[in-house]
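Enquirer: Below is a structure I'd like to ask you about.
The values are calculated or read from the model by the stated rules, or taken from the named source; none is laboratory data. Just so it is clear, the structure is predicted and the values come from calculations on it, not from any experiment. All Cβ positions, glycine included, derive from the backbone under ideal geometry; neighbour counts span all protein chains shown. In case anyone asks, the SASA skips ligands and DNA or RNA and just uses the protein heavy atoms, side chains included. Shrake-Rupley method; radii C 1.70, N 1.55, O 1.52, S 1.80 Å.
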Amino acid sequence: MEWSLENVREMVAGGMQSIRECEICAFAIAMCVLLLFMWYCYRVGREHGSSPLHRRYLAGPGRIGGVVGGFMSSDCRNRGKGKHGSMLEEQNGFAFCQSSECFRCTSAGESLNQRLYHSLQDYAKRYTWSGMGRVHKGVRDQGRYLNSRPTIQRPEVFFLPDLPSAPFFSREVQRHDVELLEQSFPALLAEFESIYHQPPARSGSSLPPGWKANNTPRGQWWTYYLVNQGTPLVLNVRRCPRAWRVLGQLRTFIANNVFGNACFSVLTPGALITEHYGPTNVRLRCHLGLRVPPSCELVVGGEPQCWSEGSCLLFDDSFLHRAFHEGGADDGPRVVFMVDLWHPNVAAAERQALDYIFTPGRLDDKEGK
């Protein structure tokens, strides 16, 4: 090869062109990686938002109530389909709603067990198996656990093994949330008064807007849900902004799965809620007494307790439980603000997995639809 000034110029120009092409290629690769990373962050952010209550509230009207062992929660009737829908509107207890959209109306059988296991596998693939020992054990042997439980404690849907069990728990196990609820007593009581004394929602009904009647052997039991089966009820939330803010400040409120509920609950004098079980042992039900006349009692696992105005009562509703108000007409109703909190011995990793598995709608059986 003959070295000349012209040859050197051509070599330098060719080298510079190659460098430019490499820079463009590297830049294109970097942009692709950046776009993929942004897409991943968007997906993760959608699934695990930093403010689940706010995110779910903006999502619109939610799924509502269900049945436990033939005992229907108060808001399930809106999902009922067919000719019996109007009949269930205010007499919606002790009846199977037959709704394909209600989680607790799903039969706890082999089909549900399989869907639980597939959801757990999907969670582990996306995130991790670390800390999933008890959840895996519970999902794998769910049918055996539910069928072999003693009659005093028999959750209807999901049992997490190796959790300490007791009908009632000390307020210290969820001290922050208990103290926050008790400090909010005046605001919650005032908000209850504002929604309770509204005129009836429509002619022929005795209930103000947002209130639902539950069937009881005697007396009246009314509920006003802010969150039902993990989904906010938007119209009710708008009427109770202070209660909604309190829920957003709770550290252990079950806000992301079907086991989470929050409501005002009213028992009129003479009312009886017959004994029944809750759906799971992973939660503690917290009652903040707003109005507590004499002769009102809650019996859980055979142990009786009385509510107290301005104080919280924590109990495991997977135990057989009932409530009654044996006061006279002059005593007025018993009123509590009810929220579902995590059992203190369910670890953070387990909570995240259970939130994923029991996200509202995730376990809906789409086969045959």
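Enquirer: Using 1/(1 + (r/R0)^6) with R0 = 41 angstrom and r between the beta carbons of A329 and L235, what's the FRET efficiency to the nearest 0.05? It would help to have the intermediate numbers written out before the result.
Expert: Details: r = 31 Å, r/R0 = 0.76.
It comes out at approximately 0.85.
Enquirer: Please work out how much length the chain gains when fully extended from Y117 to R202, using 0.36 nm per residue of separation minus the C-alpha to C-alpha distance, in nm with one decimal.
Expert: Working: separation 85, 0.36 × 85 = 30.60 nm, distance 4.50 nm.
Taking 0.36 nm per residue and subtracting the Cα distance, the gain is 26.1 nm.
Enquirer: Within 10 Å of each candidate Cβ there may be at most 12 other Cβ atoms; applying that plus a DSSP loop requirement, which trypsin sites (Lys or Arg not before Pro) in the stretch 163-220 survive?
Expert: Values: sites: R171, R175, R202, K212, R218; in loops: R202.
Sites meeting the loop and neighbour criteria: R202.
Enquirer: How far, in nm, would the chain grow between R126 and A190 when pulled straight, counting 0.36 nm per residue and subtracting the alpha carbon separation? Walk me through the numbers before you get to the answer.
Expert: Working: separation 64, 0.36 × 64 = 23.04 nm, distance 4.46 nm.
Result for the pair: 18.6 nm of gain on full extension.
Enquirer: What Kirkwood hydrodynamic radius do you get for the stretch 168-346 when you take the inverse of the mean 1/r over all pairs of distinct Cα atoms, in Å?
Expert: Values: mean 1/r = 0.0610 Å⁻¹.
Result for the stretch 168-346, one decimal place: 16.4 Å.
Enquirer: So how long is each side of the stretch 244-292 along the principal axes, counting just the alpha-carbon atoms, biggest first, in Å?
Expert: Here the Cα extents, ordered largest to smallest, are 35, 25, 13 Å.
Enquirer: On average, how much accessible surface per residue is there in the stretch 168-346, in Å², for a 1.4 Å probe, leaving out ligands, DNA and RNA? Could you put the intermediate results ahead of the total?
Expert: Working: 6350 Å² over 179 residues.
Per-residue accessible area for the stretch 168-346 comes out at 35 Å².
Enquirer: If r is the Cβ-Cβ distance from H176 to F37 and R0 is 41 Å, what FRET efficiency results, to the nearest 0.05?
Expert: Numbers: r = 36 Å, r/R0 = 0.87.
Efficiency, from the Cβ-Cβ distance: 0.70.
Enquirer: If you don't mind, another one. What's the carbon and sulfur percent of the stretch 168-346's accessible surface, probe 1.4 angstrom, rounded to a whole number?
Expert: Reported share for carbon and sulfur atoms: 48 percent.
Enquirer: Okay, moving on. Using a cut-off of under 15 Å, list every residue of the stretch 110-151 whose amide N is near the label point 7 Å from the Cα of S165 along the Cα-to-beta-carbon line.
Expert: 138, 142-151
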